[in-house]
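What follows is a single structure, written as structure tokens, with notes after it.
The values are calculated or read from the model by the stated rules, or taken from the named source; none is laboratory data. None of these values were measured; they are calculated from a predicted model. Heads up, the Cβs are rebuilt from the backbone with ideal geometry, glycines too, and the neighbour counts pull from every protein chain shown.
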There are 4 protein chains.
Amino acid sequence: MAKSEYEYVREQERDDRLPKFNWIVVRINGCDFHRFSKIHGFDRPNDERPLNLMNNCAISVLEQFPDIVFAYGFRHEYSFIWKETTKFYERRESKLLSLSVSFFTSVYVMKWRVFFPEQELVYPPSFDGRVMCFPGPGARLVRDYLSLRQNDCHIFNQKNTCSWMLVNSGRTESEAEEYLEGTQESERNELLFQQFGINYNNLPAMFRKGSSLFRDQEDVTVKLDDGGNPIRRTRKKIKVEHSDLSRKGFWRWHPEILSD
Amino acid sequence: MAKSEYEYVREQERDDRLPKFNWIVVRINGCDFHRFSKIHGFDRPNDERPLNLMNNCAISVLEQFPDIVFAYGFRHEYSFIWKETTKFYERRESKLLSLSVSFFTSVYVMKWRVFFPEQELVYPPSFDGRVMCFPGPGARLVRDYLSLRQNDCHIFNQKNTCSWMLVNSGRTESEAEEYLEGTQESERNELLFQQFGINYNNLPAMFRKGSSLFRDQEDVTVKLDDGGNPIRRTRKKIKVEHSDLSRKGFWRWHPEILSD
Amino acid sequence: MAKSEYEYVREQERDDRLPKFNWIVVRINGCDFHRFSKIHGFDRPNDERPLNLMNNCAISVLEQFPDIVFAYGFRHEYSFIWKETTKFYERRESKLLSLSVSFFTSVYVMKWRVFFPEQELVYPPSFDGRVMCFPGPGARLVRDYLSLRQNDCHIFNQKNTCSWMLVNSGRTESEAEEYLEGTQESERNELLFQQFGINYNNLPAMFRKGSSLFRDQEDVTVKLDDGGNPIRRTRKKIKVEHSDLSRKGFWRWHPEILSD
Amino acid sequence: MAKSEYEYVREQERDDRLPKFNWIVVRINGCDFHRFSKIHGFDRPNDERPLNLMNNCAISVLEQFPDIVFAYGFRHEYSFIWKETTKFYERRESKLLSLSVSFFTSVYVMKWRVFFPEQELVYPPSFDGRVMCFPGPGARLVRDYLSLRQNDCHIFNQKNTCSWMLVNSGRTESEAEEYLEGTQESERNELLFQQFGINYNNLPAMFRKGSSLFRDQEDVTVKLDDGGNPIRRTRKKIKVEHSDLSRKGFWRWHPEILSD
């Protein structure tokens, strides 16, 4: 069995390193989760359990890959922002994509029981993924990308809430959809308030705003000195927030996250 | 919150459809499985349990994605051959890569307990992946690719067997490595036979040849007719073999697998 | 002036080598030749002079780049087929594209006076270009590509001939276009015959079929020996034909041109 | 001749649009100009005629393509900077590359006689080209790229001047090269001064610094009004300078050129 005669096929591998001076975003998305959420009995319109599981997986991803500086997720999608200068696996696209999506999936299955103690996994969930590059200094594009995702979160969640309120009050799914077709954001807010007494803005922020993950510093007491005084140290900790990313507020308080 | 002002970032997505008239190979590989196998107590030099788990996951992948026509794996890697004409997700590279690797990972974690009933998963295993394209008619390149993988399987397994035999008989890992450095294939066969009474060619084919997966037809009795005679039907079934892919034999018996 | 501080920008160059086991086609096309042909007084509907100039440039391209095995052109476009195994500039796309288009342009301008002795070049003509890859054995895709180009040549030329006949007989260009809209190939043949007495199939083949270039062997007398007998040698010569590429005939007589 | 059966090959064209939010650089380079300059009798070490021809071609390129905002050249290479937001041909790489290189070549051949009235073009000159992308706001990468090119100009020209001085005073080319091997910049300056009385910094700036092209505003008198007073208008004009691009000076005076 002469090895050399097959060696030539190795050359079919392409150079897939992503261009430098770009922030890299890996976005994963639950595959056919419409079906998955039905079969596994997710509450509608919103269920904290699967969202907490998603957030928990994302935290593990940030712990696993130090070059991910921020993550944002809602429903069954999550975006991971790799720092502009990362040299992880030479910035090879296939590596960044496959490792992110594989590790996320692995944690999702392993931790399922923690969040769904009563509900067995009926079949293996899977996630697809994609990679985008956002050039440079100032990270304006990355911030705009995140605003876009959060806007999609808002649009989806408001519609979804209306839809399920209508269904829970007796309409079929298609009747609810028909009812909502062409409605404006303000009309849907009105509908929730008038018909169901729901003030949309009072719903939990996690549903309305999605979840943002980032490393934050915290002061911790590591031990007491001989005199019994606390010795404090600064330590990085992954924090979950449900802030408004479209306002400049968040980034003003955390300029270091997307600094070049 | 005006949506339109962020819409422009959507355009950063690239067209990543793979070229037509090419067979597509997705290869996944266990990430840092040197450590993973140690921590989870895999037997050395060979352990059937993790190999059977890998094969089982690969079978699930073939069941999930009908356009995968063949798979070959050994150790902690698996190659999946998508048919030349597949239109799955428009042949988008990121979709094929992420879905394959995510689904494989998901099954791996879910089925772990079946193959390791006594051993908890200590941490989430993950797999990386890559995509290669092999043009054209006759699939000669794909067959040569598979021969290359099988050759790598052979080289690795023979060396690994020698190495662990030496370690099990008292040498340290680095002494074993030193002992084997520069040896030829035939010398290592000799070593196994002389020192340890092992005829390498008698070791289980799964270790030496890896595992090949493909759909095969089988005749099954679906029910009996009124006269008590069996009604038989042909049905596709995924078969696992440990054949020699470098010989033309296998492909001669299964020309339909890689037909255009 | 420290060099090193700028060296990092060199890394922005991407690897643009084209995949192996593919035939490479570079197609060039005259840029805004509608205007160019008007200003330089090309005869309508057909003019041999610019076509002969195009063919002459293409011959120079084949002489310059031995790895181009075939070329096909009509109007102001030309396709150059690089052999499947070419290693010219490591198959780098930008090199193949830029060198082909630059050399072609250079010859076009230099030889203009030979074909248009009475007509000065009013402004610099230019050509755009693109690169396509066609995988594999048998070159079926390349042949189909060439058939497609020849078919486009036929469709264009037949319509164009009708159009200018109508214009030459008194209609405006837009009236002619309107007149032809929605007509079938056979109707246009009929029109040419009935109204203008033209049998389309008797028009020069160069107009109807375009031009094919390839290397052919010819026997030549290189000198006479001492006895006065001719010493003959076989030599490669670039040949121009106006054959039908869609029939299998041409390729049957020249199987060596697109052999792998 | 059914068209449809070949239509499928059209799909082999790839989407080659360059990523947004990047400055695009097309660099062209004379192909084998070592030989070309010898055969066409270029003066050594420096000759203004071919440089003026190069500059003249580059001016034509800027006039032809309004989205090119800056160009820099020396010897037989020229870099063209397309503005970050250009939508020319949808930013398709093959179009930008081929059109730039083809138009440049065309002008080079057409204008040859103007700059070399005594010297016929012996054979068609050609240029290769490549495309690079430089992300983002502030254009720091583009400026560093230009500094790198200018630094290469300096290094080359200083060495080349030494080399030809040595050759002109009796050494062979290889002796001159040997003599210069391993010398530092300052040593070569010393050599020029001591042996040949040349103060390198007094050589023409075009040789030492290369040529920069950009659009500048100038006030022009377009006509006189009825009272005989000049009516002045601001108009863009392409300017050629031989400035130092590595100092911040140039860009401080021309911030608008590379503004986003």
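Data table
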{"read-out": "Residue satisfying all of: in the range C:42-89; among the aromatic types (Phe, Trp, Tyr) and closer than 22 Å to D:Asp16 by Cα; surrounded by the fewest Cβ atoms within 10 Å (Cβ to Cβ) among these", "value": "C:Tyr89"}
{"read-out": "Flag for D:Met110 being in a strand (DSSP E or B) and either polar (S, T, N, Q) or modelled with pLDDT of 95 or more (or both)", "value": "no"}
{"read-out": "Looking only at the range A:206-236, and only at residues there that are among the basic types (Lys, Arg) and part of a strand (DSSP E or B), the one that is nearest to A:Glu77 (Cα to Cα)", "value": "A:Arg215"}
{"read-out": "Residue, farthest from C:Met165 (Cα to Cα), within the range C:197-217, restricted to residues that are in contact (Cβ under 8 Å) with a residue 40 or more places away in the chain and of a type in the set (Gly, Ala, Ser)", "value": "C:Ser212"}
{"read-out": "All helices (runs of 4 or more DSSP H) inside the range C:1-64 with 1 or more residues being touching an Asp or Glu at 6+ places or on another chain (Cβ under 6 Å)", "value": "C:4-7"}
{"read-out": "D:Gly170 more than 14 Å from chain A (Cβ to nearest Cβ) and in a strand (DSSP E or B)", "value": "no"}
{"read-out": "Selection status of B:Ser259, at pLDDT below 95, within 16 Å of B:Cys153 (Cα to Cα) and out of contact with any His (no Cβ under 7 Å at 6 or more places or on another chain)", "value": "no"}
{"read-out": "Residues being within 15 Å of the chain's Cα centre (by Cα), at the interface with another protein chain (Cβ under 7 Å from one of its Cβ atoms), in contact (Cβ under 8 Å) with a residue 60 or more places away in the chain and in a helix (DSSP H, G or I) - total across the range C:129-164", "value": "3"}
{"read-out": "Search result, residues across the range D:65-107 that are of a type outside the set (Phe, Trp, Tyr), closer than 17 Å to D:Arg143 by Cβ and out of contact with any Lys or Arg (no Cβ under 7 Å at 6 or more places or on another chain)", "value": "D:Ile68, D:Ala71, D:Gly73, D:Ile81, D:Lys83, D:Glu84"}
{"read-out": "Hits in the range C:47-92 - residues which are on the phi > 0 side of the Ramachandran plot and over 11 Å from the mean Cα position of the chain (by Cα)", "value": "C:Tyr89, C:Glu90, C:Arg91"}
{"read-out": "When residues of the range A:61-110 are limited to those that are at the interface with chain B (Cβ under 9 Å from one of its Cβ atoms) and among the aromatic types (Phe, Trp, Tyr), the one nearest to B:Arg113 (Cα to Cα)", "value": "A:Tyr108"}
{"read-out": "Any hit, the range D:240-258, residues being under 21 Å from the mean Cα position of the chain (by Cα), exposed (fewer than 11 other Cβ atoms within 10 Å of the Cβ) and within 14 Å of chain C (Cβ to nearest Cβ)", "value": "yes"}
{"read-out": "The range C:11-50: number of residues that are within 7 Å of another protein chain (Cβ to nearest Cβ), without any contact (Cβ under 8 Å) to a residue 24 or more places away in the chain and of a type in the set (D, E, K, R)", "value": "3"}
{"read-out": "Qualifying residue in the range D:237-252 (condition: within 22 Å of D:Thr85 (Cα to Cα), in a helix (DSSP H, G or I) and either touching a Ser or Thr at 6+ places or on another chain (Cβ under 9 Å) or basic (Lys, Arg) (or both))", "value": "yes"}
{"read-out": "Any hit, the range C:79-96, residues being part of a helix (DSSP H, G or I), acidic (Asp, Glu) and over 16 Å from C:Asn55 (Cβ atoms)", "value": "yes"}
{"read-out": "Residue list for the range D:6-62, filter: among the small types (Gly, Ala, Ser) and farther than 29 Å from D:Leu258 by Cβ", "value": "D:Ser37, D:Gly41"}
{"read-out": "Check on B:Gln184, farther than 29 Å from B:Ala139 by Cβ, among the polar types (S, T, N, Q) and in contact (Cβ under 8 Å) with a residue 12 or more places away in the chain", "value": "no"}
{"read-out": "Some residue of the range C:180-202 being outside any helix (DSSP H, G or I), aliphatic (A, V, I, L, M) and over 18 Å from the mean Cα position of the chain (by Cα)", "value": "yes"}
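Condition check ((1) buried (at least 23 other Cβ atoms within 10 Å of the Cβ); (2) hydrophobic (A, V, I, L, M, F, W, C); (3) in contact with an Asp or Glu (Cβ under 8 Å, 6 or more places away or on another chain); (4) at pLDDT 95 or above) across all residues:
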{"position": "D:Arg91", "(1), (2), (3), (4)": "no, no, no, yes"}
{"position": "D:Val101", "(1), (2), (3), (4)": "yes, yes, yes, yes"}
{"position": "D:Ser106", "(1), (2), (3), (4)": "yes, no, no, yes"}
{"position": "D:Phe116", "(1), (2), (3), (4)": "no, yes, no, yes"}
{"position": "D:Arg130", "(1), (2), (3), (4)": "no, no, yes, yes"}
{"position": "D:Cys153", "(1), (2), (3), (4)": "no, yes, no, yes"}
{"position": "D:Trp164", "(1), (2), (3), (4)": "no, yes, no, no"}
{"position": "D:Val167", "(1), (2), (3), (4)": "no, yes, yes, no"}
